[in-house]
Amino acid sequence: MSPFRQTWRRGVAALMLVVSVGATTGCGTVATIGKLEDGAGAEAMKMWDRWIEGGGDIAVATTWERKVKPGLTVAEVEEILRNVMVERNMRDVGTLPLSKELEARYGKKEPVLTIYQFCSPNIARHMADFSPHMAAYMPCRIALVERPDGLWLYTLNMDMMVKMGRKLPSPLKEEAWSVREAVWDMMERVSKGEF
């Protein structure tokens, strides 16, 4: 995308924000903006850019993806995920082997589709106490998806949780960041094949 087009898009977005703030000042918009994490606007613009690049697909805007290092098997991907989970003091709270379920139902080979779920129970409790709505994002999930060009990992963009919302108090902010880092590490290490 050309620099002019990026600048133009950001300018339009900023203008829309200014207009909406001006139109809704009495509705608490300005007060809410003051409660957000520092850098929330920049993070929102990154999501905006991904939403545009994804043709309006909200899932593209709100997720991270990494291509699995070519040559890694599903078992090796799972080993790396488990290694990081243990190192980062997370818990395995469930695996959904969806492609295996479909194979059992229909008797034919399916492309890999498995969802791995991880959690830190104490941090989950603290986050739900801070905002019960956050429970809808729990546990942390990483999906392994086989595409024509190989295996890919997908997960929620954890930066939305720790950089875009209402300011998290200490020590919850540090705890949330540790979960973000654990998920990031899982994605990165599988993409590089680092056990």
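The values are calculated or read from the model by the stated rules, or taken from the named source; none is laboratory data. Just so we're clear, the structure is a prediction, and the values are computed from it rather than from any experiment. Reconstructed Cβ throughout: ideal geometry from the backbone, glycine too, with neighbour counts over all protein chains shown. All accessible areas refer to the heavy atoms of the entire protein, side chains included, with ligands and DNA or RNA removed. Shrake-Rupley method; radii C 1.70, N 1.55, O 1.52, S 1.80 Å.
Paramagnetic label reach from V74 (point 7 Å along Cα→Cβ; backbone nitrogen cut-off under 19 Å): within the range 100-141, residues 100-118, 141.
For volume of the Cα convex hull per residue in Å³, which listed value, (i) 177; (ii) 103; (iii) 159, comes from the coordinates shown? Recomputing volume of the Cα convex hull per residue in Å³ here picks out (iii).
Residues considered: R82, R147, R180. Largest GNM mean-square fluctuation over the chain, using C-alpha springs under 10 Å, is found at R147. Restricting the range 134-178 to trypsin sites (Lys or Arg not before Pro) that sit in a DSSP loop and have at most 13 other Cβ atoms within 10 Å of their own Cβ leaves K167. Shape analysis of the range 79-153 places it in the prolate category; the axes a ≥ b ≥ c from the Cα gyration tensor give an a/c of at least 1.5, with a/b above b/c.
Can you work out the FRET efficiency for the pair E101 and I33, with r the C-beta to C-beta distance and R0 = 41 Å, to the nearest 0.05?
The value I calculate is 0.35.
Solvent-accessible area of the range 39-166 (1.4 angstrom probe, protein heavy atoms only): carbon and sulfur portion equals 58 percent. Within the range 98-195, the GluC sites (Glu not before Pro) that combine a DSSP coil assignment with at most 13 other C-beta atoms in a 10 angstrom radius are E194.
For the chain, with every protein chain kept in place, what is the accessible area per residue (1.4 Å probe, Å²)?
Value returned for the chain: 59 Å² of accessible area per residue.
Using the alpha-carbon centroid of each, what span in Å lies between the range 164-191 and the range 80-126? Their Cα centres are 19 Å away from one another. Calculated mean residue ellipticity at 222 nm for the chain: -16000 deg cm²/dmol, from DSSP H runs with n ≥ 4 weighted as -39500 (n - 2.57), summed, divided by the residue count and rounded to 500.
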